[in-house]
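Read the structure below first, then the notes.
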Amino acid sequence: MASSLRPAVGVSHLSLCPGTGRGKDTPVCGDEDSSARSAARPALAQCRALSVDWAGPGSPHGLYLTLQGGTDLEKHRDLLMVENERLRQEMRRCEAELQELRAKPAGPCLGCEHSQESAQLRDKLSQLQLEMAESKGMLSELNLEVQQKTDRLAEVELRLKDCLAEKAQEEERLSRRLRDSHETIASLRAQSPPVKYVIKTVEVESSKTKQALSESQARNQHLQEQVAMQRQVLKEMEQQLQSSHQLTARLRAQIAMYESELERAHGQMLEEMQSLEEDKNRAIEEAFARAQVEMKAVHENLAGVRTNLLTLQPALRTLTNDYNGLKRQVRGFPLLLQEALRSVKAEIGQAIEEVNSNNQELLRKYRRELQLRKKCHNELVRLKGNIRVIARVRPVTKEDGEGPEATNAVTFDADDDSIIHLLHKGKPVSFELDKVFSPQASQQDVFQEVQALITSCIDGFNVCIFAYGQTGAGKTYTMEGTPENPGINQRALQLLFSEVQEKASDWEYTITVSAAEIYNEVLRDLLGKEPQEKLEIRLCPDGSGQLYVPGLTEFQVQSVDDINKVFEFGHTNRTTEFTNLNEHSSRSHALLIVTVRGMDCSTGLRTTGKLNLVDLAGSERVGKSGAEGSRLREAQHINKSLSALGDVIAALRSRQGHVPFRNSKLTYLLQDSLSGDSKTLMVVQVSPVEKNTSETLYSLKFAERVRSVELGPGLRRAELGSWSSQEHLEWEPACQTPQPSARAHSAPSSGTSSRPGSIRRKLQPSA
Ligand code: ADP
Ligand code: MG
């Protein structure tokens, strides 16, 4: 029956139809099948059709199976393969062409814009080739897929064919048996009654056969279903194949596009090469023409040169001679050079030595100048006096009140600024001091007077400035001043800063500040954490004979801000310690100790200078104030220390062998800064009003007497002796005793050089 069953590719060519007819090629199918077939007809034109008809004798059903298109798929695959082969060949051709193009020389104008364009085209070409290779890959994948599907279809066809063959055989067998049975029945009908029985039996058997037939039909039905399924599969495959076709078509179109692009690129390249060739030819021609012209010129030149050469030959001979001479000279040049170098080196060495000696000379001169400056300064201070006394009269204030008591009792000499006149109890008394400042004098005026002393502190001198006078006479105003109009303390530090700044290129300085207070002969640190703590004055354990105060706080200051902070801190300490600060401060000595340590950067010499700024306690006499108890004790301490100060100053000015420093805490503390080459200034503060004339008289007497002791050693000693004892007896009986006892305790010394303070000021080479 069915000899071959092949899978159909592209269209659903397999149809399995129930039917009763036995037509071989004419399928008797439902409308669906016939329409499907008619739709597939054009594709089937070249395919072999396969029909299987089966109907058993007496069977109610007919089976019609048409399998078409096995060859269709094959053919299609073959077509694709052929197409593929053609494309491959075409690609090979393109590649060969490309190789050929590549092999062609790049042309004379490498790097020009044509070659760039050509490179671009080449890039494009390689891109196209890449794309083509991709397409090829896709095509081969599709081919593989088609192959796989063809194989599967062939398998399905084989299985179907087997099934159909089996079925046909079964049907034939059954129909044969049915025919036999019918014949047997007919013959038996013609026979005798016993035969009828047989017929009956046969009929019974016949029904069995029918049953077998129906079973077969059921199986047939099952097979039909399977075939329908296979048809469905085929349909899907056909669809896939169709999409493959479309893809192939697209790829082909792409390939064609690439080819056309390749062609275009090739054409462009050819055109460019042609134009390049033309350019090259043109350039060659131009160059040739130019070369010809140049050649002609060269020829002409050559002729000129030849004639020149003939005339130059004698000159050349001279030059050769010169050259030989120079050569000989050059040969001798290294020797000459060495000689010159040696002499230059020697000259440089000499110059350096000269400069060095000059430098040494300058340094020596500088040091001499420095010494001279110091000497001059010392001389100036000596001329002015190592201990100077000035007076400052404060203006009348509203605190002085009104009335006769507040009238002015002080006048000045218009021609001499060292004279002051006081009208005391109707009698005029005059005093001569180193300088007298009237109430109109400003803080700056007063500072101007003390400025030289403060500067000498930078040079390593110890300086003491005291403000002396009765309470309310303006001591604190002169020393501290007001925030808007600062006094000596702040101005001194500002001056030190600016002086130190000026010398910063040669000197390194540090400035430190301490603040202390002496009240009732007790020394306290105003900048310490515990201001109420008593401090002691001790001899340095190093045997230098210097004094120091263990525990006294020292602040390093670098700016006016720092000073203000230190002052504020000291002030706060004092305020918290004493409820009535004004009263307290008038009964205590306030000391601001500024230490300036310097080092000469060029010589390494070190100096230390100390500036002691002392706001003394009020000098008013106790007898006048009529105090008792603690107030009396305070006054006794104050008078004792002020007398001791007067004694010390007097002893120093008269260059006495013994200076009673130990008679009070104040003089003991300031021993270093009062002795030796130290400089002292006493500012005697004066109240101008009538009611204070007796205290003013006392203060001025104190001042003049301190000053007058310098007139001559003999006179000095005599005057001092009488003044000291008289004043002490007159002011304060309690102060009579200390002087002799202190004198007894102090070791006698001869001359100023043996005083401990003199060691401090001397320049010391750094370690
Ligand atoms: P002391 O410290 O001697 O007790 P103060 O310095 O406190 O005296 O001065 C008493 C008052 O006189 C203060 O109000 C102060 O401002 C004022 N005073 C002192 N001297 C001057 C002066 N030269 N110019 C203006 N006012 C002054
Ligand atoms: Mg005061």
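The values are calculated or read from the model by the stated rules, or taken from the named source; none is laboratory data. This is a predicted model, so every value here is computed, not measured. Cβ placement follows ideal geometry from the backbone for every residue including glycine, while neighbour counts extend to all protein chains displayed. Just the protein is used for accessible areas: all its heavy atoms, side chains included, with ligands, DNA and RNA removed. Shrake-Rupley method; radii C 1.70, N 1.55, O 1.52, S 1.80 Å.
Restricting attention to the range 146-157, does a residue exist that is farther than 30 Å from residue 85 by Cα, in a helix (DSSP H, G or I) and either open to solvent by 100 Å² or more (accessible area, probe 1.4 Å) or at pLDDT below 85 (or both)? Checking the range 146-157: not a single residue is farther than 30 Å from residue 85 by Cα, in a helix (DSSP H, G or I) and either open to solvent by 100 Å² or more (accessible area, probe 1.4 Å) or at pLDDT below 85 (or both).
Considering only residues of the range 444-453 that are over 52 Å from the mean Cα position of the chain (by Cα) and either more than 9 Å from ligand 1 (Cβ to nearest atom) or modelled with pLDDT under 95 (or both), which is surrounded by the fewest Cβ atoms within 10 Å (Cβ to Cβ)? Break it down into steps so the answer makes sense when it comes.
Within the range 444-453, the first condition is being over 52 Å from the mean Cα position of the chain (by Cα), and the residues that meet it are 445-446, 449.
Right, trim to either more than 9 Å from ligand 1 (Cβ to nearest atom) or modelled with pLDDT under 95 (or both) and you get 445, 449.
Working: 445: 12, 449: 19.
Within the range 444-453, the match that is surrounded by the fewest Cβ atoms within 10 Å (Cβ to Cβ) is 445.
Tell me, which helices (runs of 4 or more DSSP H) wholly within the range 571-678 include 3 or more residues that are at pLDDT 90 or above and either open to solvent by 10 Å² or more (accessible area, probe 1.4 Å) or farther than 18 Å from residue 552 by Cβ (or both)?
Here the list reads 629-653, 665-669.
Do we have any residue at all in the range 236-252 that's farther than 28 Å from residue 133 by Cα, in a helix (DSSP H, G or I) and not small (Gly, Ala, Ser)? Please lay out each step first, then the result.
Step one: of the range 236-252, the residues farther than 28 Å from residue 133 by Cα are 236.
Okay, now just the ones that are also in a helix (DSSP H, G or I), so 236.
Subsequent filtering for residues that are not small (Gly, Ala, Ser) retains 236.
So far as the range 236-252 goes, yes, one or more of its residues are farther than 28 Å from residue 133 by Cα, in a helix (DSSP H, G or I) and not small (Gly, Ala, Ser).
Scanning the range 249-259 turns up one or more residues that are out of contact with any helix residue (DSSP H, G or I) (no Cβ under 7 Å at 6 or more places or on another chain) and loosely packed, with under 11 Cβ neighbours inside 10 Å. The set of residues from the range 429-476 being polar (S, T, N, Q) and away from ligand 2 (no atom under 16 Å from the Cβ) comprises 430, 438, 440, 442, 444, 448, 451, 455, 456, 462.
Restricting the range 471-483 to residues that are more than 6 Å from ligand 1 (Cβ to nearest atom) and surrounded by 22 or more Cβ atoms within 10 Å (Cβ to Cβ) leaves a set whose member that is nearest to residue 688 (Cα to Cα) is 478.
Given the condition open to solvent by 50 Å² or more (accessible area, probe 1.4 Å), over 27 Å from residue 688 (Cα atoms) and hydroxyl-bearing (Ser, Thr, Tyr), answer yes or no: does some residue in the range 496-508 qualify? Yes, because at least one residue in the range 496-508 is open to solvent by 50 Å² or more (accessible area, probe 1.4 Å), over 27 Å from residue 688 (Cα atoms) and hydroxyl-bearing (Ser, Thr, Tyr). Number of residues in the range 394-442 that are under 19 Å from residue 681 (Cα atoms) and touching a Lys or Arg at 6+ places or on another chain (Cβ under 7 Å) equals 6. Looking at the range 454-470, which of its residues are of a type in the set (Gly, Ala, Ser) and either more than 7 Å from ligand 1 (Cβ to nearest atom) or within 18 Å of residue 491 (Cα to Cα) (or both)? 456, 460, 467 - these are the residues of the range 454-470 that are of a type in the set (Gly, Ala, Ser) and either more than 7 Å from ligand 1 (Cβ to nearest atom) or within 18 Å of residue 491 (Cα to Cα) (or both). Residues that are surrounded by 11 or more Cβ atoms within 10 Å (Cβ to Cβ) and within 60 Å of the chain's Cα centre (by Cα) were ranked within the range 80-101; the one that is modelled with the highest pLDDT is 98.
Among the residues of the range 468-495, those that are farther than 22 Å from residue 560 by Cα and part of a loop (DSSP other than H, G, I, E, B) comprise 469, 470, 471, 472, 473, 474.
Check the range 352-373 and report whether any residue there is surrounded by 10 or more Cβ atoms within 10 Å (Cβ to Cβ) and more than 54 Å from the chain's Cα centre (by Cα). Give the derivation first.
Just the residues of the range 352-373 that are surrounded by 10 or more Cβ atoms within 10 Å (Cβ to Cβ), to begin with: 352-373.
Of the ones still in play, those that are also more than 54 Å from the chain's Cα centre (by Cα) are none.
The answer is no; no qualifying residue exists.
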